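What follows is one structure encoded as structure tokens, with my remarks underneath.
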Amino acid sequence: MHRFRAVIAALTLGVPFAASAAEITRIASSFEDDDPFDLFLDVGFERTQTRAKIVREQLRGGDATNVSEVNELWYKGVDARLNLAVAFGLWKDLEFSFKLPIVFQQNETWNFVSGTNQGNSTITNSCYNADGSPYSAEGCVGRLFQVPQESYRGGLGNVHFGLAYAFFNQEKDDTKPTWIIGIDYEAPTAKQRDPSLDNTDPDGDKGNVGDRVHKYQLYTTFSRKMGRAEPYFKASHTIPVRGPGAYSNCDQSVTPPPNFGSGRPNLGAPYNCYKEPWTRQETGIKAPSQTALTFGMELVPFENAARSQKFALDVRLLGNYVGRGRYYNELSSALRKLLTSDDYFQVGGQVGVIARAAEAFTIRASGNFLYNTDHLLTSEAIGQDLNGDGTVDTAVGSPELNPTFDWRYDLVSRRFRAIQSTTFRFDLGATFSF
């Protein structure tokens, strides 16, 4: 224990202050006496893989109170992209940034779990239509979607613009920490992703990746150098706002998705589409808000300030809350529509390395792992009580029925849930400083 304390003391107090700030509190600053202009050019490859088991609620013995979950699918989503970014100083400790992601692939696959097959899966043996009526008098022979299945998407992603200001900068005043506040704006510039389209042909045209949602991320970061260690903290909150051309499930109210379910409707009450209160806004995408916290430390075992050389180890704890919303989730491409997911948490960590060979060139690599808590994937509200009688009239033709509600999988005892969900991300990038 005494030896451990000695090591910590050596890292934090026993050596002079490091000359450079942690990467998370890096900021471009211009019009300084010794540095008239700062510019950072970042190029990075990012690969994110999400894997989850998808289970489905099922009644036992016809008892409405006895609902269990049966294993159905393994889901895997892979997103690989190239991130191009530039940041430059507008004034002292005031930075403007711009980022453009190029999405090489955004592919998803669904396969049966062990013990589930075409013969016993509730996905390939569905008993009902979207409006709740029995599918066939001959038995449960309907099919929600084909398994196994894979979908393919790619293209230019949404452009980001950022503005950040450092109220305190420890590089200028070592009696204070570095404190930055900023805003990152993600503009809906990518082409609209239409979930109703069939993107299962690997040789065909890839689907688009845009959600057509404005996203405003407000954040603040703190860091404090203590010898060769620099602990830091970041908090952020993302506010989504529906943009022009955002998708609505009612876009498929007249024509069902092509090659889907033999032309059967994919909405429970399509006749209510675009009638009050079921406007395009009400039946469209409702992206979730997110709140994230990061606690970390950058350890610098080697640094040569005279030559601007540095090697650092970056360790972080990550937490993120994802709110409830109707958006593109793990089953949207399979069921060909926006789906309402319950809120959930992401918790995990990240380990990275940073190597700076000279003042003008830095490379970095990191890997992070997140565990996503269990959450429902199909939990659309059945409707709204419009006449104030305290209940929703679920009779066929009722104006109170939510048109995007689907009796096959949004009803309690038929809903899908993601469990054992994990996300792994790998980043490799380089920064050129001017």
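The values are calculated or read from the model by the stated rules, or taken from the named source; none is laboratory data. Keep in mind the model is a prediction, meaning the values are calculated, not measured. Cβ atoms come from the backbone with ideal geometry, glycine included; neighbour counts cover every protein chain shown. Note: areas computed on protein heavy atoms with side chains; ligands, DNA, RNA excluded. Shrake-Rupley method; radii C 1.70, N 1.55, O 1.52, S 1.80 Å.
The 3J(HN,Hα) values that the Karplus relation (6.51, -1.76, 1.60; θ = phi - 60°) gives for segment 170-182 are, in residue order, 5, 5, 9, 9, 6, 8, 10, x, 8, 10, 10, 10, x Hz. Gly and Pro appear as x. Among V347, V55, V392, the residue with the largest mean-square fluctuation in a Gaussian network model of the chain, with springs joining Cα atoms closer than 10 Å, is V392. Between the helical axis of 2-12 and the longest alpha-carbon principal axis of the chain there is an angle of about 80 degrees.
Using Cα pairs closer than 8 Å and at least 6 residues apart in sequence, work out the relative contact order for the chain, in percent. List each step's numbers first, then the result.
Working: 1188 pairs, mean separation 72.7, N = 434.
Answer for the chain is 17 percent.
Extending 7 Å from the Cα toward the beta-carbon at both F37 and N125 defines two label points whose distance is 7.0 nm. Taking all protein chains as they are arranged and a probe of 1.4 Å, the heavy atoms of V396 leave approximately 130 Å² accessible to solvent. Taking amide H as placed 1.01 Å from N in the peptide plane, the amide H of D194 sits under 5 Å from that of N208, each at least 5 places away or on another chain. Across every pair of non-identical alpha carbons in segment 225-313, the mean reciprocal distance, once inverted, gives a Kirkwood radius of 18.3 Å. Residues whose amide H lies under 5 Å from that of T189, counting only those 5 or more places away or on a different chain, are V159; hydrogens are built 1.01 Å from N in the peptide plane. Among the protein heavy atoms of the chain, carbon and sulfur supply 59% of the accessible surface, probe 1.4 Å, non-protein parts ignored. Under 5 Å from the amide H of K92 lie the amide H atoms of S30, each residue being 5 or more positions distant or on a separate chain, with H modelled from the backbone and absent for Pro and chain starts.
Taking a straight line from the alpha carbon of K53, these lysines sit under 18 Å away, with near neighbours fewer than eight places off in the same chain left out: K76.
Note down the relative contact order for segment 382-434 as a percent, whole number, built from C-alpha pairs under 8 angstrom at least six residues apart.
Working: 30 pairs, mean separation 13.1, N = 53.
Relative contact order comes out at 25 percent.
Residue by residue, segment 279-294 carries 3J(HN,Hα) couplings of 6, 4, 5, 6, 9, x, 5, 10, 5, x, 6, 9, 10, 10, 10, 10 Hz when phi is fed to the Karplus relation 6.51 cos²θ - 1.76 cosθ + 1.60 (θ = phi - 60°); x denotes Gly or Pro.
Just the C-alpha atoms of the chain: what Rg/Rh do they give, with Rh taken as the Kirkwood radius? Each step should come with its number before you reach the end.
Details: Rg = 25.5 Å, Rh = 24.3 Å.
With Rg and the Kirkwood Rh in hand, the quotient comes to 1.05.
Heavy-atom accessible surface of the chain, averaged per residue, reaches 47 Å², computed with a 1.4 Å probe. Here the Karplus relation 6.51 cos²θ - 1.76 cosθ + 1.60, evaluated at θ = phi - 60°, turns the backbone of segment 320-334 into coupling constants of 8, 9, 10, x, 5, x, 9, 7, 8, 10, 5, 10, 4, 5, 6 Hz, with x for every Gly and Pro. With each label modelled as a point 7 angstrom along the Cα→C-beta vector, the F369-L84 pair spans 3.5 nm.
Can you give me the Kirkwood hydrodynamic radius for segment 324-425, using every pair of distinct Cα atoms, in Å to one decimal? Don't jump to the answer; show the numbers that get you there.
On the way: mean 1/r = 0.0591 Å⁻¹.
With all distinct Cα pairs of segment 324-425 included, I get 16.9 Å.
Highest GNM mean-square fluctuation among D211, D33, D174, for the chain modelled with Cα contacts below 10 Å: D33.
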